[in-house]
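Reading through the structure tokens given below for one structure.
All of the numbers you see were taken from the coordinates with simple rules; none came from a lab. Please read these numbers as outputs of a predicted model, since none were measured by experiment. All Cβ positions, even for glycine, are placed from backbone atoms using ideal geometry, and neighbour counts span all protein chains on display.
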Amino acid sequence: MKPRRFDYVRPDSADEAVAVLAEYGDAASVLAGGQSLMAMLNLRVAEPAVLIDIARLTELDYVRIAGDQVEVGAAVTQTRLKDWPELADQLPLLAAVLPFVGHFQTRNKGTVCGSIAHADPSSEIPLSLATLGGEVVLRSQRGTRVLAASEFQRGMLTTAREPDELITAARFPILATKRVAFREVARRHGDFAIIAVAACVKGGSAVTVGIGGVADRPAVRNATINSAAAAKEMFEQLAGELEGYDDIHASARLRRDLLRRVGPVVVEEALRCAA
Amino acid sequence: MRRVNKDERTRVGFTLNGRAVSGDAEPRMLLTDFLRHVIGATGTHVGCEHGVCGCCTVLIDGTAVRGCLTLAVQAEGRSVTTVEALASPDGTLNALQQAFQQHHALQCGFCTPGILMSFTDYLARNPHPTEDEIREVLSGHLCRCTGYAGIVAAVLAVSGGSPN
């Protein structure tokens with residue numbers, strides 16, 4: 001199908017983009033890579049009156065280390081972050097995760113922040129941001145605010161972004177250890193994850209686990225895991241707590257079952273990694 | 001700041017296969033439709049129109065992307081490369097196309113333009129991929145008649161690789 005008609009605006013700066021957003025509010029959608037939004041426009045699931053194209057804003061096309069975080073601007077594509085030479089050193093979880101985000105062809109255009117903005121519960125990038133305890137930077141004419149990933153992502157395709165706010169960057173914390181692991185279950189590589197599990201060992205046996213695809217947003221838990229039995233017990237409990245949902249890809253019951261099986265494997269892999 | 005009203009047809013120009021082209025488009029016109037209906041370059045095929053099948057894959061500034069998830073106006077000033085650029089002007093197929101022919105990598109050929117463009121970009125970045133890497137790139141395309149074995153064999157042959 002073809003999109004419904006919309007006005008197209010291509011600002012020359014983030015300031016202009018924020019001004020246009022203030023003018024149109026929730027009648028506008030922000031277009032960066034468009035790998036979710038353009039499909040929604042073509043299917044007429046999204047029908048904005050105005051499209052604000054920020055893909056060419058070079059001031060938002062940066063990856064930089066800022067203190068103990070890596071800040072990724074809103075125009076950075078998934079391929080650009082995947083090919084960032086320092087990725088494996090600074091963000092090993094993202095190095096493990098990014099090859100699973102869509103396909104070669106969609107990562108070339110899809111942005112890191114766009115995936116966070118879209119807030120699909122099965123998406124790998126929002127899951128990584130939540131597991132690492134990262135932040136989202138939002139800018140409007142009222143000022144700039146920084147929200148924790150857990151405050152930003154509210155539910156299925158729902159975030160705390162106000163209609164006049166532009167997501168300008170995401171901030172991923174740099175962990176002290178490189179002990180991370182990630183796995184997902186999908187019908188085909190690059191398809192929507194039926195479930196996704198990320199684990200980071202923050203020291204000793206203190207593990208942070210992030211689960212995508214089961215609840216309406218990434219679920220993050222901190223635990224001390226000393227044994228395989230403890231890991232199994234933790235996911236047993238989580239499977240009951242998170243319930244899961246039915247969709248065309250899998251039933252809620254299958255999601256819970258996959259979580260019980262895959263979760264402990266991922267935690268074990270992270271614990272096995274050399275510090 | 002570029003602003004185009006929804007009913008307005010605006011002039012969109014870019015470089016297509018090394019040649020300057022332009023035409024009129026509404027903001028909502030997809031790059032695929034602009035190429036096919038306005039410019040008349042019908043080598044790029046349209047399948048699912050929501051980014052899943054990969055038939056419409058073209059290069060923008062050398063990078064393989066979905067044509068159907070790109071607005072014509074977004075290509076403004078860019079360099080677009082489509083399947084028409086691959087063969088020589090006298091019709092001689094390039095090495096990748098010849099490998100597809102030799103290894104029976106197409107049957108109806110509907111998905112082929114997109115797959116050729118994906119590997120044109122990918123092999124420029126990674127000239128000697130493994131079979132697994134080839135299959136990963138191919139996961140962004142759907143072929144409903146030939147299957148994927150011939151395509152993998154063709155890409156392996158042209159890049160000097162060997163099967164798993």
The relative contact order of the range B:95-159, taking Cα pairs under 8 Å that sit 6 or more residues apart, comes to a percentage of 58
Given 0.36 nm per residue, what is the gain on full extension from A:Ala19 to A:Arg142 after removing their alpha carbon distance, in nm? 43.2 nm
Considering only C-alpha atoms, what is the centroid distance from the range B:59-109 to the range B:112-164, in Å? 14
With an 8 Å Cα cut-off and a minimum separation of 6 or more residues, compute the relative contact order for chain B in percent. 22
Can you give the Kirkwood hydrodynamic radius for the range A:124-169, in Å, rounded to one decimal and based on Cα pairs? 10.9
Can you tell me, using C-alpha contacts under 8 Å and at least 6 residues apart, the relative contact order of chain A as a whole percent? 16
Can you give the Rg and Dmax of the range A:180-272 based on its C-alpha atoms, in angstrom? 12.5, 40
Report the far tail of the P(r) of the range B:10-82, meaning the percent of Cα-Cα pairs longer than 17 Å. 31
Round to the nearest 0.05 the FRET efficiency obtained for B:Asp24 and A:Thr177 when R0 = 56 Å and r is the Cβ-Cβ distance. 0.50
Summarise the partner chain shielding of A:37-45 as one whole number: the mean count of Cβ atoms from other chains within 10 Å of each residue's Cβ. 4
Treating the beta-carbon of each Lys and Arg as +1 and of each Asp and Glu as -1, no other charges, what is the dipole magnitude of the range B:37-164 about its Cα centre, to the nearest 20 debye? 160
When the charge dipole of the range B:10-82 is computed with +1 at the Cβ of Lys and Arg and -1 at the Cβ of Asp and Glu, the Cα pointing farthest to the positive end, of B:Ala25, B:Ile60, B:Ala72, is that of B:Ile60
Charge dipole magnitude, Cβ of K and R +1, D and E -1 - the protein assembly as shown, Cα centre, debye nearest 20: 420
Within chain B, what is the longest stretch that has no trypsin sites (Lys or Arg not before Pro) placed in a DSSP loop and near at most 14 other beta-carbon atoms within 10 Å? B:10-143
Would you please give the FRET efficiency between B:Ser162 and B:Thr42, computed as 1/(1 + (r/R0)^6) with r the Cβ-Cβ distance and R0 = 41 Å, to the nearest 0.05? 0.65
For the range A:91-205, take every pair of Cα atoms, bin their distances at 5 Å starting from 0, and report each bin as a whole percent. 2, 11, 21, 22, 20, 13, 7, 3, 1
Treating each Cα of the protein assembly as shown as an identical point scatterer and ignoring solvent, apply the Debye formula and state log10 I(q)/I(0) at q = 0.08, 0.09, 0.11 Å⁻¹. -0.47, -0.60, -0.89
With +1 at each Lys and Arg Cβ and -1 at each Asp and Glu Cβ, the charge dipole magnitude of the range B:10-82 around its Cα centre, to the nearest 20 debye, comes out at 100
The FRET efficiency for B:Arg3 and A:Leu157, from their Cβ-Cβ distance with R0 = 30 Å and rounded to 0.05, is 0.60
Compute the distance in nm between two label points, each set 7 Å from the Cα along the Cα-to-Cβ direction, one at B:His104 and one at A:Leu254. 3.3
Inter-chain shielding of B:43-50 (mean C-beta neighbours from other protein chains, 10 Å cut-off): 2
Quick one: among B:His128, B:His141, B:His37, which has the greatest mean-square fluctuation in a GNM of chain B with alpha-carbon springs under 10 angstrom? B:His37
Which of these, A:Gly155, A:Gly213, A:Gly73, has the largest mean-square fluctuation under a Gaussian network model of chain A (Cα springs below 10 Å)? A:Gly155
Among A:Ala95, A:Ala39, A:Ala198, whose mean-square fluctuation peaks in a Gaussian network model of chain A (Cα, cutoff 10 Å)? A:Ala39
Modelling each spin label as a point 7 Å along the Cα-to-Cβ direction, I'd like the A:Asp26/B:Cys145 distance in nm, to one decimal. 4.8
Using 7 Å Cα-to-Cβ label points, what is the A:Arg187/A:Arg64 separation (nm, one decimal)? 4.3
